[in-house]
1. Quick one: how many residues across the stretch 23-61 are of a type in the set (Ser, Thr, Tyr), open to solvent by less than 60 Å² (accessible area, probe 1.4 Å) and not in a helix (DSSP H, G or I)?
2. Can you tell me which residues in the stretch 120-136 are open to solvent by 70 Å² or more (accessible area, probe 1.4 Å) and within 25 Å of the chain's Cα centre (by Cα)?
3. Are there any pairs with C-beta distances below 6 angstrom linking a residue in the stretch 41-69 that is of a type in the set (Ser, Thr, Tyr) to a residue that is in a helix (DSSP H, G or I) and open to solvent by less than 40 Å² (accessible area, probe 1.4 Å), with the two at least 6 apart or on different chains, and if so which?
Amino acid sequence: MRTVDVARRSGYSVQQVRNLERDGVLPPAQRSATGHRRYTGVHLHCALAYRALAAGVGPTEAKEILRAAHRLPASHVLALLDAAHARLDAERTRLRQAEEAARAIHGEPIGEVRPSDAMSVSELAAALGVRPSTLRHWDAEGLVVPDRDGVRGTRRYTPAQVRDARIVHQLRAAGHRVAPLRDLMPHLRHARRQGDVAAALAARDAAITARSRALLDGSAALSALLPPAAPAPGGAGAAQDPLCGSSP
């Protein structure tokens, strides 16, 4: 195949195909007598695998995986894929925990605020399991803005602000970035719309699902580049499920 053929079939531009070869994502192409690149199906599989993996784990890690496929044992490549799947699974777990926590937090009644109900930075940080500097950062970013002591100017968090901090803590743990939360928190603070949190978590869930599917597609394309699996020690009988084997 010519460079343009790989480009058309992989969805990249001609220059991007050359860049992928330069970066080691594609193995070096053979050259014709006139110096033109000649690609094979292996190069196309590499381009397709990289395209999917980049959507699943990001371009930097996708390049690392493809380079490993060219020069390292298959076990190393599979270990990289296993690690990527494990991180996505951890993200899903944190997301489910955030969904449960957000529902519980929103169900808590916020009664009349008394001065004794307020918490200091250190008290709230200890309750959330974060550093005081994290709360100060959230304050600077407008995520959770506490009251100030009129005399000393120290931060004091009312019960409503403590609830905001708990929501931010759960959403941050689920992978939400500061900028989207900055736009979301004013709605939660003033209108207390639980639907906004649910929508944000649903968007995160959709993003994780898309990345998981892309990682699956990339793994399938990458499988064509790996050598066949070696037979299990002891022959085919050794790989048989012990629960399905014949009785002695």
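The values are calculated or read from the model by the stated rules, or taken from the named source; none is laboratory data. Please read all numbers here as calculations on a predicted model, not as lab measurements. No Cβ is skipped: glycine too gets one built from the backbone with ideal geometry, and neighbour counts run over all protein chains shown. With ligands, DNA and RNA removed, areas are computed over all heavy atoms of the protein, side chains included. Shrake-Rupley method; radii C 1.70, N 1.55, O 1.52, S 1.80 Å.
1. Pass one, the stretch 23-61, residues of a type in the set (Ser, Thr, Tyr): 32, 34, 39-40, 50, 60.
Narrowing further to those that are open to solvent by less than 60 Å² (accessible area, probe 1.4 Å): 32, 39, 50.
Within this subset, residues satisfying the condition of being not in a helix (DSSP H, G or I) are 32, 39.
Residues in the stretch 23-61 being of a type in the set (Ser, Thr, Tyr), open to solvent by less than 60 Å² (accessible area, probe 1.4 Å) and not in a helix (DSSP H, G or I): 2 in total.
2. Narrowing the stretch 120-136 to residues open to solvent by 70 Å² or more (accessible area, probe 1.4 Å): 122-123, 126-127, 131, 136.
Arg131 - this is the single residue of the stretch 120-136 that is open to solvent by 70 Å² or more (accessible area, probe 1.4 Å) and within 25 Å of the chain's Cα centre (by Cα).
3. Sorted first by the residue in the stretch 41-69, then by its partner, the pairs are Tyr50/Ala62; Tyr50/Leu66.
Residues are listed down the side, and each one gets a yes or a no for (1) open to solvent by less than 30 Å² (accessible area, probe 1.4 Å); (2) modelled with pLDDT of 80 or more:
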site	(1), (2)
Gly150	no, no
Thr158	yes, yes
Ala179	no, yes
Met185	yes, no
Ala200	yes, no
Ala203	no, yes
